[in-house]
Amino acid sequence: MSGGTVKCLVWDLDDTLWRGTLLEDPAVAVPEAIRAVVTELDRRGILQSVASRNEHDHAWARLEELGLAEFLILPQIGWGAKSHAVRAIADRLGFDHRTIAFIDDRPAERFEVSRALPGVRCYPAEAASTLTTLPEFSPAIVTEDSRHRRARYQGEVLRRTERENFAGGQDDFLRTLELDLRVRRATEPDLARVEELTLRTSQMNATGVPYSEAALRDLLDDDAHEVLVATLTDRFGPHGAVAVVLLAKHSSVWNLKLLTTSCRVIPYGIGSVLLRWLTGEAAKARVHLVADFVPTDRNRMMAVAYRFAGFTEQPCECVADLPVAAAEVRRMHLVALAQEPPTVLRVSAPELAVEGTGVTVWTASALL
Ligand SMILES: [Zn+2]
């Protein structure tokens, strides 16, 4: 079985999360060491859920009394097979089974889960108090964003339910979310999350080039570079930092060296919105835009976003003003024109075309 960090831990309740069996002892208690594990895993951005054979309302009420309910998403409490519960959690989260862990005091339950879901890592209840010492529960990077991961997924569950019950089209649905995209210049505390976003060679990474925290820090102090981070919020809560833009400003051309967005905001078209916003800013500054693009086997969607925004591979003499790029880099070019504001979300962003720290709100007037 492969290693890698666990993204969600599924707890059994009786004699695992708490001592005793709820049906026999309504006052089951949670040892302090276990409570500490729950809060620490939460801080590390590891999601937690429940697969328990109990009466749902009874067990959930006890979890609320114990102050643990808020840490547990998508609880599966009922009388079905544990493997069905674990599979349901993985499906709802969209997680690979290899990123799921399951902890239960009963060997028969662990066996049933292992057999049905071979990727899931299973742990006996005795391991509970030491989970935080294991490498698979110790992500390399813990950021401000990690701490909010649970709130994000809880928001996502509500959003999905809302979407399933919404009769209109996607744009109408997006407008009901009150999406608010805030672009700002990155500062020192953002660097770990910015690095994390650049490390992911995702479908939405235009170059697949990672930037180290140290390299990014140098760019923060460089007037010719903009390191921008975008956070997204809606009425169900924060999505966290979802995009990074790295821009080198030359006199006649701006070089978009990196644009990467988190895969989880693909439904909101954040990459395209950011490209249009940058295009509008470049138009104000009367410069051309050149985007570096390195095709990977995963980022075709990003290439489509660039082409949709009007970028082409036609040559332009402005490219001569840029340092020579690495051989694998394709340079996509755009003569920037003013852009209509977006109609499904509100954007606030720094004014790149002028000196200073001004922020503009860019959105269709209907959304103001
Ligand atoms: Zn040009």
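What follows draws every value from the coordinates through simple rules; no lab data is involved. For clarity, every value in this text was computed on a predicted model and none was experimentally measured. Neighbour counts are summed over all protein chains in view; Cβ atoms, including those assigned to glycine, are modelled from backbone coordinates with ideal geometry.
All Cα-Cα separations within the chain were binned at 10 Å from zero, giving a P(r) of 5, 21, 28, 21, 15, 8, 2, 0, each value a whole percent of the pairs.
Among 39-48, 171-180, how do they line up from the highest to the lowest mean number of other beta-carbon atoms within 10 Å?
On the way: 39-48: 19.0, 171-180: 16.1.
Highest to lowest by the protection proxy: 39-48, 171-180.
Taking the DSSP beta bridges with both ends in region 8-140, the antiparallel portion is around 5 percent.
For the chain, the share of DSSP beta bridges that are antiparallel, to the nearest 5, is 60%.
List the residues, sorted by chain then number, that are 5 or more residues from V344 or on another chain and whose placed amide H is less than 5 Å from its amide H. Under 5 Å from the amide H of V344 lies no amide H from a residue far enough along the sequence or on another chain. Backbone amide hydrogens, once placed in the peptide plane, bring T207 within less than 5 Å of L259, V294, excluding anything fewer than 5 places away on its chain. Highest-first packing order for the peptide set 138-145, 272-279 is 272-279, 138-145, based on the mean count of other beta carbon atoms within 10 Å.
Could you tell me the relative contact order of region 145-367? Use alpha-carbon pairs under 8 Å, at least six residues apart, and round to a whole percent.
Rounded, it is 21 percent for region 145-367.
By the helix-only formula, in which each DSSP H run with n ≥ 4 contributes -39500 (n - 2.57) and the sum is divided by residues, the chain has a 222 nm mean residue ellipticity of -9000 deg cm²/dmol.
Taking 0.36 nm per residue of separation and subtracting the Cα-Cα distance, what length does fully extending A116 through A27 add?
Values: separation 89, 0.36 × 89 = 32.04 nm, distance 3.31 nm.
Value of the extension gain: 28.7 nm.
A cut-off under 9 angstrom between Cβ atoms defines the neighbours of I103, and their net charge, with Lys, Arg +1 and Asp, Glu -1, is -2. Counting only whole DSSP H helices of the chain, the ones at least 18 Å long by C-alpha along their axis and with mean Kyte-Doolittle hydropathy no lower than -0.5 are 270-285.
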